[in-house]
1. According to a simple spin-label model (label point 7 Å from Cα along Cα-to-Cβ), what is the distance in nm between residue 147 and residue 126?
2. If I model a spin label at residue 89 and residue 15 as a point 7 Å from the Cα along the Cα→Cβ vector, what separation in nanometres do I get?
3. Sort 56, 69 by Cβ crowding within 10 Å, fewest neighbours at the top.
4. Any idea how far the Cα center of the range 89-154 sits from the one of the range 13-86, in Å?
5. So what's the angle, to the nearest 10 degrees on a 0 to 90 scale, between helix 54-70 and the longest Cα principal axis of the chain?
6. Compute the angle between helix 3-21 and the longest alpha-carbon principal axis of the chain, please, reported from 0 to 90 degrees and rounded to the nearest 10.
7. How large is the helix-only mean residue ellipticity at 222 nm for the chain, computed as the sum of -39500 (n - 2.57) over DSSP H runs with n ≥ 4, divided by its residue count, in deg cm²/dmol to the nearest 500?
8. Tell me, in nm to one decimal, what length is gained between residue 34 and residue 105 on full extension, where the rule is 0.36 nm per residue of separation less the Cα-Cα distance?
């Protein structure tokens, strides 16, 4: 399946996932489609501020699976549906990902060095007008434009 068609399918599945999650307090964070035909995998990542439980994954799996079975013209060849949480040290790629973790520890690598440094770890204070503000170890906040972020992920303190 061409990449553009996969993106269209992911967008449609995201809409259906949001329909399945309505009134559950669960957010559909990301949908990925991998493979083709009977080997197709539909992976749905969910988020809930207080944490995702096994029951939350089961709820979305049952609801979304029911919607997909009811509207079987969406994926004619078959599929495997997998629903899970985003994970503890998940990648942060979209503004919404950063907004979800304000107040938590993040690790950010930049495209260009800032004062000779390309990697920053600290508490995400805010995202405002496309600028991340992170409080690093010395207590000083640094500002990083989103377009300068090469890689970012949530860090879990053990």
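1. Roughly 2.2 nm, to one decimal.
2. 3.8 nm
3. Fewest to most other Cβ atoms nearby, the residues stand as 69, 56.
4. Distance between centres, Cα-based: 29 Å.
5. Taking the Cα atoms of the chain, the angle to 54-70 is about 40 degrees.
6. 80 degrees
7. -8500 deg cm²/dmol
8. Taking residue 34 through residue 105 to full extension adds about 22.5 nm, to one decimal.
The numbers here are math on the coordinates, done by the rules we state, and not lab data. Keep in mind that this is a model prediction, so the values were computed, not measured. Reconstructed Cβ throughout: ideal geometry from the backbone, glycine too, with neighbour counts over all protein chains shown.
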